[in-house]
Each structure stands twice: as C-alpha cells, then as structure tokens.
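As structure tokens, the structure follows; a few thoughts come after it.
The values are calculated or read from the model by the stated rules, or taken from the named source; none is laboratory data. The model shown is predicted, which means the values in this text are computed figures rather than measured ones. Positions of Cβ are backbone-derived with ideal geometry, glycine not excepted, and every protein chain shown enters the neighbour counts. The area values use the complete protein model at the heavy-atom level, side chains included, leaving out ligands, DNA and RNA. Shrake-Rupley method; radii C 1.70, N 1.55, O 1.52, S 1.80 Å.
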Amino acid sequence: IQDPGNLGTIIRIADWFGIRHILCSKTTVDVYNSKTVQSTMGALARVEVHYVDLPQILGVFKDSNFPIYGTFLDGNSIYNAKLLNCGVIVMGNEGQGISTECERSVTHRLYIPPYPADNPGSESLNVAIATAITCSEFRRE
C-alpha cells in the first residue's frame with residue numbers, strides 16, 4: 001500500500017471487523033506516517049501492524065495448507081465463493097495489484113463484481129474500499 005490514508009483506513013477496517021494483525025510488505029507506507037495514524041482514528045492502538053517479507057511468509061502459510069485469499073480482476077465472484085472462517089486475505093498495491101511473488105501463494109482468487117455485472121463504470125475499486133467489502137463478506141459467512 002502506497003497511500004498513507006489507505007493504510008490507515010485499512011487498519012480502521014481491520015479493527016471494525018475484529019482483525020488484530022496486519023502483515024505489510026517492506027515497501028508499504030510507514031504505519032507511523034502522520035496521515036496514516038490520523039486515518040486509523042485510534043484503531044492503531046488495537047491492531048498490530050507487522051512489516052515482513054510478505055512472499056516468504058505467504059509461502060509458509062501455503063506450505064501449511066492455510067487458505068490464502070487474494071483479490072483480482074480475474075478471480076471468482078466473492079459472492080459465490082466458499083469463504084472459510086480462517087485464512088489470510090491479500091490485498092494489492094493501488095496501482096500494481098498483488099505482486100507476482102505474492103500471487104504464487106494465493107490459493108483462492110476472489111473478485112468483487114460491479115453491479116450490474118456489465119456496468120461499464122470504474123475499472124477497479126480503491127484498495128481500502130475493496131478491503132472493507134472483502135472483510136464484510138468473510139464476517140457475513
């Protein structure tokens with residue numbers, strides 16, 4: 001994640017949905033950037049953010065048969081997917097999406113379809129909005 005406001009909003013979303021740990025790539029914006037901290041609206045006190053070698057950690061999860069969900073424009077509709085109550089959700093960079101290295105570990109490719117399905121509107125969602133929709137679907141299940 002490059003934008004500090006997006007990271008702060010994602011931390012706030014995690015807090016809302018009871019997610020207590022976020023793993024960030026080493027190239028993610030600094031969690032203590034003033035805009036990030038402000039955007040969390042206090043959620044940073046309840047959600048731990050860890051900067052890790054993300055492809056390596058995802059590989060460990062994959063080797064342990066832990067489900068790894070990723071959001072893609074060519075994935076399966078999140079509304080029809082079987083979502084387990086545990087796993088890792090990978091969200092992509094604002095401009096690049098999920099890196100090729102991280103994509104190799106994804107076991108479930110998800111897509112948030114527009115409405116109506118043939119809507120010629122925006123080509124993608126903001127990463128924080130996509131995170132909120134994804135987390136909501138996991139909690140709904």
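Computed values, structure above
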| read-out | value |
| --- | --- |
| Selection count where residues are within 13 Å of ASP74 (Cα to Cα) and open to solvent by 60 Å² or more (accessible area, probe 1.4 Å), scope the stretch 98-107 | 1 |
| Positions within the stretch 2-26 being in contact with a Leu (Cβ under 9 Å, 6 or more places away or on another chain) and either at pLDDT below 95 or not hydrophobic (A, V, I, L, M, F, W, C) (or both), in sequence order | GLY8, ARG12, ASP15, SER25, LYS26 |
| Matching residues in the stretch 49-70 - criterion: being open to solvent by less than 40 Å² (accessible area, probe 1.4 Å) and touching a strand residue (DSSP E or B) at 6+ places or on another chain (Cβ under 7 Å) | VAL49, VAL52, LEU54, LEU58, PRO67, ILE68, TYR69, GLY70 |
| Failed criterion for GLY95 (all others in (1) exposed (fewer than 13 other Cβ atoms within 10 Å of the Cβ); (2) closer than 14 Å to CYS135 by Cα; (3) of a type outside the set (A, V, I, L, M) hold) | (2) |
| Single residue of TYR51, TYR69 found to be touching a Cys at 6+ places or on another chain (Cβ under 7 Å), at pLDDT 95 or above and not charged (D, E, K, R) | TYR51 |
| Residue that is farthest from the chain's Cα centre (by Cα) [pool: residues in the stretch 108-129 that are open to solvent by 70 Å² or more (accessible area, probe 1.4 Å) and hydroxyl-bearing (Ser, Thr, Tyr)] | TYR115 |
| Among the residues listed as SER136, SER64, SER99, the single one being within 16 Å of the chain's Cα centre (by Cα) and closer than 26 Å to LYS26 by Cβ | SER99 |
| Search result, residues across the stretch 36-48 that are open to solvent by 30 Å² or more (accessible area, probe 1.4 Å) and among the β-branched types (Val, Ile, Thr) | VAL37 |
